[in-house]
Amino acid sequence: MVSGSDEHGTPIEVEAIKRGVPPRQLTNKYHKLIVQLLKVFQIEFDNYTRTESRIHKKFVRDFYLKVEKNGFVYSQKITQLYCLNDKRFLPDRFVEGECPYCHNPNARGDQCDNCGRVLDPKDLLNPRCALDHSTPIQKESEHWFFDLPKLSEPLRKYIETNPNFPENARNFSLGWIRDGLKPRSLTRDNAWGILAPFKGAKGKTIYVWMEAVLGYVSATKEWAEKKKKQPSLWKKYWFDPESRNVHFIGKDNIPFHVVIFPGLLLATRENYDLPWEVSSSEYIQLEGQKFSRSRKIGVWMDEAVELAGPEYWRYALISLRPEQKDTNFTWDEFERKVNTELNDVLGNFVHRTTSFIQTYYKGKVPKYSVNKKQHAKILATLSSSLSKVDDRLGHFRLKEGLEQVVELAREGNRYLNEHEPWRLYKADVHASGEILGVSIQIVASLGILLQPFLPLASKKICLSLTGKANLPWRSAGQAIVKPGTKVRPLQPLFHKVNADKLRAELESIRSRTPIEAEA
Ligand SMILES: [Zn+2]
Ligand SMILES: [Zn+2]
C-alpha cells in the first residue's frame, strides 16, 4: 500500500514565487501536515513518500532514458508564451487570461475554474504573466514528447482483455484509443521539478503529470530499500506474473492509470506488471456542489477532525463512497448515518451486550449451547459474515463490505429484541445467559470485521474481550470468547451528532483559521 505527496508542478512554483519562498519550503510544510492528518485518520500506508525523494528522482530519470532508447521519445520545437520582464517561459499556470469559451477574465493557463475546461496557455485571450501581469510574447522552445500513439495497439489489447476493469474505466479508455491517442508532452521550462535527462534538455524538467504517476513504482522501491533492507524486493510487486497491482483513484484519473501509465511501462520493454485493477470511484459532491479549492467548497481534513472523531468520518465517507454512481455528502445525511447506523445499530448492539454482561454476570461470559435451536439462525448468520465481507472487499466494494458488517450488528439487535434476555433474566438466569453468550461472540466478530473500516472501535472491542488489540481476520464468525472469560467494561463507542451544530461549529472554526486558498 503505497502513495505519496505530489510535490512538483506549476501551481506550487507560482505560489512559491508569489510568497517569495523556495517551493521546497512550501511542500515540506504541506507534506508534514498531510502525514500528520493521515495518522490522525488512521490511514496507514506501507510507504507514504514524496516525489522529492532521491529514489523517485533517480528512478524517473533512469526510466525515461530507457523509454527514449526504445524509440518512444522525440523532440520538437514549439512556440510558447514568454515573459520579457521575468525572462522565462510561461507554462500552465504562469499565464492567466480570458477563457475562450466562457470569457471568464481570470482563467488560468491550464484550466478555467469557471467552466471547468482544460486549456493550453496559448488558448487564452489577452494572456498575461501571472507574476507581473505583463503581456507575454511568443518564443520558440524545444520540447520532448512521449510517443503514446505508437502503443495504441498493445494498449487496446491490454484493456480489452483485462476482465477486472470497471465499466467506466474500460469504456472511457477504449473510446480514447478509438479517437486516436496523441503524443504526450514530457518536458516543461520550469525550474521546479525533476531535471529532464534527455540530451539537449538542459534547464528543462519532466512535466509533473508524467513523473508523479511513476511514484507507485519508486515508492515500492523505496519501501524495499529503506524499510525492508532488501533492495530487489520491489521487483516481486512489479514483475512477478502472480502479482496484482490495484489502483484506487477518482474517475478523472482514468486516462493516466489505464492508458498513460501502462503505456509508459510498456515502453520500457521490461515486462512490468500492468495495473490489474483500477478501482475508479465516481464523484462525491458537498451539499450538491462540486468540491473546489479555489472557491473554498469542501471540508478540510483538519477542520473535519475538530468537528467529529476520525471514525465518524471514516464511517460516513465509506458509506457514501461513490462506487458505482455519484453521491452527495450533506450534513443531514452525515447526522442520519452517524445517529441511526453507527450509533443506534453498531454502537448500541455492542453496548447492550457488554453492559448487560457487566451488570448481571459480573463481566463473565455466560455459557451457551451451540446446538440449541433458538441459536441456529443467528449462528448461521455469524458464521457466514466473514465470507460476505471478504467477497465485497475482494471486489473493492468497500461500501458494501461495511454494509455487511452493519447488517451483522442489525441481526444481533434483532436477536436480542426477539429473546429479551433482560426479561428472561428474572425468571431464568441460564436462559438469559444463553442469549448473551451468543451475542458476545457476535460482538467479538464485529471487533475483527471492523478492523479495516473503524480501526479504533475495533481495537477497543478486541481489547475489552480478549486483552489483545488485534485478532486474526480469519477467526471472524467463529466462537472467540470462551464462556467464563472475564471481559473488561467497555464505554459506549459512539455518540449522536447534530447537523445544525456541526454547520455552526464549522463556521466558527473558519472564522478563527481561514482556509489558505492554494494550500
Ligand atoms: Zn512576467
Ligand atoms: Zn471558461
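May I ask you to list the residues in segment 357-374 that are touching a Ser or Thr at 6+ places or on another chain (Cβ under 8 Å) and surrounded by fewer than 21 Cβ atoms within 10 Å (Cβ to Cβ)?
If the condition is that a residue be touching a Ser or Thr at 6+ places or on another chain (Cβ under 8 Å) and surrounded by fewer than 21 Cβ atoms within 10 Å (Cβ to Cβ), then 360, 364 are the ones that fit.
Restricted to segment 71-111, and to residues that are away from ligand 2 (no atom under 15 Å from the Cβ) and polar (S, T, N, Q), which residue is farthest from residue 149 (Cα to Cα)?
For segment 71-111, the residue satisfying everything is 85.
Does residue 321 qualify as being touching a Lys or Arg at 6+ places or on another chain (Cβ under 9 Å), open to solvent by 60 Å² or more (accessible area, probe 1.4 Å) and part of a loop (DSSP other than H, G, I, E, B)?
Numbers: touching a Lys or Arg at 6+ places or on another chain (Cβ under 9 Å): yes; open to solvent by 60 Å² or more (accessible area, probe 1.4 Å): no; part of a loop (DSSP other than H, G, I, E, B): yes.
Judged against the criteria, residue 321 is not a match.
Condition first: at pLDDT below 95 and open to solvent by less than 70 Å² (accessible area, probe 1.4 Å). Now tell me which residues in segment 143-172 satisfy that.
162, 164, 165, 166, 168, 169, 170
When only residues in segment 88-106 that are open to solvent by 40 Å² or more (accessible area, probe 1.4 Å) and touching a residue at least 40 places away in the same chain (Cβ under 8 Å) count, which is nearest to the chain's Cα centre (by Cα)?
Once the filter is applied, the top-ranked residue is 93.
Please go through segment 21-33 and give me each residue that is open to solvent by 70 Å² or more (accessible area, probe 1.4 Å) and in a helix (DSSP H, G or I), ordered by number. Steps first, answer last, please.
Just the residues of segment 21-33 that are open to solvent by 70 Å² or more (accessible area, probe 1.4 Å), to begin with: 22, 24-25, 29, 32.
Across segment 21-33, the qualifying residues are 24, 25, 29, 32.
Residues of segment 171-205 being within 26 Å of residue 153 (Cα to Cα) and not in a loop (DSSP other than H, G, I, E, B), which ones?
171, 172, 173, 174, 175, 176, 177, 178, 184, 185, 187
Using the structure shown, decide if residue 200 is farther than 24 Å from residue 12 by Cα and open to solvent by less than 40 Å² (accessible area, probe 1.4 Å). Please lay out each step first, then the result.
On the way: farther than 24 Å from residue 12 by Cα: yes; open to solvent by less than 40 Å² (accessible area, probe 1.4 Å): no.
In short, no.
Among the residues that make up segment 146-155, is at least one of them away from ligand 1 (no atom under 14 Å from the Cβ), part of a loop (DSSP other than H, G, I, E, B) and either in contact with an Asp or Glu (Cβ under 7 Å, 6 or more places away or on another chain) or without any contact (Cβ under 8 Å) to a residue 40 or more places away in the chain (or both)?
Residues of segment 146-155 that are away from ligand 1 (no atom under 14 Å from the Cβ), as a first pass: 146-155.
Subsequent filtering for residues that are part of a loop (DSSP other than H, G, I, E, B) retains 147.
From the residues that got through so far, the ones that are either in contact with an Asp or Glu (Cβ under 7 Å, 6 or more places away or on another chain) or without any contact (Cβ under 8 Å) to a residue 40 or more places away in the chain (or both) too are none.
Within segment 146-155 (the criterion being away from ligand 1 (no atom under 14 Å from the Cβ), part of a loop (DSSP other than H, G, I, E, B) and either in contact with an Asp or Glu (Cβ under 7 Å, 6 or more places away or on another chain) or without any contact (Cβ under 8 Å) to a residue 40 or more places away in the chain (or both)), the answer is no, since none of the residues qualifies.
Looking at this structure, is residue 114 out of contact with any helix residue (DSSP H, G or I) (no Cβ under 7 Å at 6 or more places or on another chain), within 16 Å of ligand 2 (Cβ to nearest atom), open to solvent by 70 Å² or more (accessible area, probe 1.4 Å) and modelled with pLDDT of 95 or more? Explain how you work it out, then say what you get.
Values: out of contact with any helix residue (DSSP H, G or I) (no Cβ under 7 Å at 6 or more places or on another chain): yes; within 16 Å of ligand 2 (Cβ to nearest atom): yes; open to solvent by 70 Å² or more (accessible area, probe 1.4 Å): yes; modelled with pLDDT of 95 or more: no.
Judged against the criteria, residue 114 is not a match.
Could you grab me the full set of residues in segment 331-342 that are of a type outside the set (Phe, Trp, Tyr) and touching a residue at least 60 places away in the same chain (Cβ under 8 Å)?
Kept after step one, since they are of a type outside the set (Phe, Trp, Tyr), are these residues of segment 331-342: 332-333, 335-342.
Scanning segment 331-342 gives 332, 335, 338, 339, 341, 342.
For segment 354-374, which residues satisfy the criterion of being within 16 Å of residue 479 (Cβ to Cβ) and modelled with pLDDT of 95 or more?
357, 364, 365, 366, listed by residue number.
Let me spell it out: the conditions are (1) modelled with pLDDT of 95 or more; (2) touching a helix residue (DSSP H, G or I) at 6+ places or on another chain (Cβ under 6 Å), and residue 425 meets all of them except one. Which number is the exception?
(1)
Could you pull out the residue among 345, 350, 389 that is more than 17 Å from residue 448 (Cβ to Cβ), under 39 Å from the mean Cα position of the chain (by Cα) and touching a residue at least 60 places away in the same chain (Cβ under 8 Å)?
Values: 350 fails: more than 17 Å from residue 448 (Cβ to Cβ); 389 fails: more than 17 Å from residue 448 (Cβ to Cβ).
Answer to the check: 345.
Taking the conditions exactly as written (under 30 Å from residue 86 (Cα atoms) and either within 16 Å of ligand 2 (Cβ to nearest atom) or modelled with pLDDT under 95 (or both)), does residue 127 satisfy them or not? Show your work before the answer.
Values: under 30 Å from residue 86 (Cα atoms): yes; either within 16 Å of ligand 2 (Cβ to nearest atom) or modelled with pLDDT under 95 (or both): yes.
When the stated conditions are applied, residue 127 passes them.
The conditions are (1) loosely packed, with under 15 Cβ neighbours inside 10 Å; (2) over 20 Å from residue 191 (Cα atoms); (3) not small (Gly, Ala, Ser), and residue 62 fails exactly one of them. Which is it?
Among (1) loosely packed, with under 15 Cβ neighbours inside 10 Å; (2) over 20 Å from residue 191 (Cα atoms); (3) not small (Gly, Ala, Ser), the lone unmet condition for residue 62 is (2).
The values are calculated or read from the model by the stated rules, or taken from the named source; none is laboratory data. Bear in mind the structure is a predicted one, so any value in this text is a computation, not a measurement. Glycine gets a Cβ as well: all are built from the backbone with ideal geometry, and neighbour counts include every protein chain shown. Remember, those area values only see protein heavy atoms, side chains included, never the ligands or the DNA or RNA. Shrake-Rupley method; radii C 1.70, N 1.55, O 1.52, S 1.80 Å.
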